[in-house]
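Take a look at the structure below.
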Amino acid sequence: MNRIFLKSAVVAFSSLAASILLALIIVPALGGVVDGNAWLMLTICPLAIAWPASAFTFWQSEKLKRTHLELARAHAELAAAHVKLEEKSQRDPMTGMLNRETFFATLDLSRRKTDRGALLIIDADHFKKINDNFGHLTGDKALLEIAAAIARAVRSGDVLGRIGGEEFGALLTGATDEEAARVAERIRREVELIRFEPMGERVVPLTVSIGGTKCRSGANVSDLMRAADKHLYEAKNRGRNLAVLDQMSTAA
């Protein structure tokens with residue numbers, strides 16, 4: 001407010017000076033005389049008009065600036081909220097991994113950029129028994145343990161998603177066949193090492209079966225999923241707690 005008062009005062013006295021200067025130039029040129037009444041008008045009018053008018057203008061200008069700042073801040077907050085909402089919509093709410101749709105979209109996008117890499121499908125073994133014996137809340141805890149083990153085992157830059165109830169996907173970006181086999185074995189081993197004690201009495205074993213395939217040139221998402229699924233079922237049929245990839249398998 002003080003700044004507005006000072007700025008409007010500068011405008012008012014500048015108007016006063018300009019008014020007097022013009023009167024001293026123009027009135028004598030027209031043959032007139034600047035007398036006492038004229039001096040009074042020259043002084044009062046600029047101060048009475050310019051000061052409140054300029055003060056109101058500056059006040060409106062400051063108000064408009066504040067409104068613009070508040071609008072910009074609200075826009076930034078809205079944009080941040082939109083980013084968070086979009087990120088949240090792409091994530092599985094329980095594990096924090098990508099949800100099924102986003103994982104497959106990411107896999108599809110990766111296929112367009114490079115032919116290197118591998119896809120793993122990871123399925124929790126005998127998971128229905130955990131839900132049946134201990135309840136779904138305990139089953140959720142087991143899934144979180146498995147998800148954390150998978151996250152520990154993959155490399156930085158690999159993409160993880162929850163693609164089913166107890167099924168996960170891992171896109172091993174740029175991985176060679178040997179790297180993919182090592183990551184699959186690390187995942188299998190990390191899950192096997194979990195000490196899951198839902199009732200605080202005995203350890204319930206957690207294991208996963210893994211099917212994997214390399215990202216072959218020209219293969220689309222459906223082709224990769226079929227190949228990885230085929231190996232996953234092979235791992236299940238061979239006794240579970242097994243990783244089967246193209247032309248190789250790993251087990252305890």
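Every read-out reported here was derived from the displayed coordinates using simple, explicitly stated rules and does not represent laboratory data. Here the structure is a predicted model, which means the values were calculated and not measured. Cβ placement follows ideal geometry from the backbone for every residue including glycine, while neighbour counts extend to all protein chains displayed.
Relative to the Cα centre, what is the charge dipole magnitude of the range 102-175, using +1 at the beta carbon of each Lys and Arg, -1 at the beta carbon of each Asp and Glu, and rounding to the nearest 20 debye?
Once rounded to the nearest 20, the dipole reads 320 debye.
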For the range 101-252, the charge dipole (Cβ of Lys, Arg +1; Cβ of Asp, Glu -1; about the Cα centre) points to a positive end, and the Cα of ILE121, ALA180, LEU242 closest to that extreme belongs to ALA180
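Net charge near ILE146: determine it from the other residues with C-beta under 12 Å of the C-beta of ILE146, scoring Lys and Arg +1 and Asp and Glu -1. Spell out each step's value before the answer.
Values: positive: LYS141, ARG152, ARG162, ARG188; negative: ASP123, ASP125, ASP140, GLU145, GLU166, GLU167, GLU190, GLU192.
Surrounding charge for ILE146 is -4.
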Length-normalised contact order of the range 159-213, Cα under 8 Å, at least 6 apart, in percent, tallies to 21 percent
Protection proxy (average C-beta count within 10 Å per residue), highest first, orders 175-183, 89-97, 71-79 as 175-183, 89-97, 71-79
Any aspartates and glutamates whose Cα falls less than 12 Å from that of LYS128, other than same-chain ones fewer than 8 residues away, would be ASP140, GLU166
Other residues with Cβ under 9 Å from the Cβ of VAL221 give, with Lys and Arg +1 and Asp and Glu -1, a net charge of -1
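What dipole magnitude, in Debye to the nearest 20, does the range 100-251 give about its Cα centre under +1 on Lys/Arg Cβ and -1 on Asp/Glu Cβ?
About 200 debye.
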Along the range 229-234, Karplus-curve 3J(HN,Hα) (6.51, -1.76, 1.60; θ = phi - 60°) to the nearest Hz, with x for Gly and Pro, reads 4, 4, 5, 4, 5, 5
Most packed first (mean Cβ within 10 Å per residue), the peptides 232-240, 209-217, 146-154 order as 209-217, 146-154, 232-240
